[in-house]
Amino acid sequence: MDPNNPIGIFDSGVGGLSIFREIRRLLSNENLLYVADQEHVPYGNRTLEEVQSFAEGITSFLLRMQAKLIVIACNAASAAALQYLRQKFKEVAFVGMEPAVKPAAQLTRTQRVGVLATQATFQSALYASVIERFASGVKVFESTCPGLVAQIEKGDLDSNDTRKILINAIQPMQKEGIDTIVLGCTHYPFVIPLIKEIAGPDINVIDPSPAVARQTQRLLEEQNLLNLQNSHGAVSLFSSASPSILQESLHHLIGSEMKVQRVFWHRNAQGSLQLTCNIPLR
């Protein structure tokens, strides 16, 4: 692996931009690749086999683009495919998403914590393991926030519909005495202002994005793969849907204007899903 090679980041949609933003802030000289599989968003209501197939196809694409490390910037994909990908692609390190139950359990005073995530995350072995390891003695309340990912994909961060979804998720937890909320989906940091407005100043909201960026940095340091160039890294963005959708999200969600390339799904001769794009692969 060459330190100048890019970091690969992927999500089902725009949620991973919350991770992309933090990695770009912390590691500004790194070259970045970002894939949004917006043809299949959301992953949260798909089968394990579907998500693994999508994640494998995206990983193969990123490796053909010479990614030196891959960040699965999606809780549902991490829950379904992280271990699968680590076994299949042993030549590259992965950073996955894990609901931040451990810091929540350390932070809570009432021993009551709320977790906002998709159904796929809640049903996963990864989530069950996190609860078993870190939430002993802590009462955990869960909400799937139906429809919230779709609202954020549309860039609808503070409408009455988005507010209603979050009120229905948070107020029942408040009645149970929670004092900490864990964001278990990478889309949800984009509505932190609304979450804080609804929850009030006495409830802590844990955004996992900075911790994921720091873990990315640690792994690169361990493997001597940090890019030491003195300039800002190059960014390449890809979407499996219309590029204009992701371009608009970049503007609304992180205040960036960047070109997005279209990628296309197809099946190879062996029947496996693959991504292709209209630019030469490295």
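Every read-out reported here was derived from the displayed coordinates using simple, explicitly stated rules and does not represent laboratory data. All figures in this text were calculated on a predicted structure; none of them were measured in a lab. Positions of Cβ are backbone-derived with ideal geometry, glycine not excepted, and every protein chain shown enters the neighbour counts.
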On C-alpha positions alone, give me the angle between the axis of helix 125-134 and the longest principal axis of the chain, in degrees, nearest 10. 50
Longest principal axis of the chain (C-alpha) makes with the long axis of helix 17-26 (C-alpha) an angle, in degrees to the nearest 10, of 70
The chain: relative contact order from alpha carbon pairs under 8 Å, six or more residues apart, as a whole percent, is 26
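With contacts defined as alpha carbon pairs under 8 Å and 6 or more residues apart, what's the relative contact order of the stretch 1-120 in percent?
For the stretch 1-120, the relative contact order is 29 percent.
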Between helix 48-64 and the chain: long-axis angle, C-alpha atoms, 0 to 90°, nearest 10: 40
Holding the Cα-Cα limit at 28 Å, pick out from LYS154/LYS196; LYS88/LYS154; LYS196/LYS259; LYS102/LYS175 the pairs that are longer than that. LYS88/LYS154; LYS196/LYS259
For GLY57, the net charge from surrounding residues (Cβ-Cβ under 10 Å; K, R +1; D, E -1) works out to -1
What is the stretch 72-229's relative contact order, in percent, from Cα pairs under 8 angstrom and six or more apart in sequence? 27
Two-site label geometry, THR47 and GLN223: point separation in nm, points 7 Å out along Cα→Cβ: 3.2
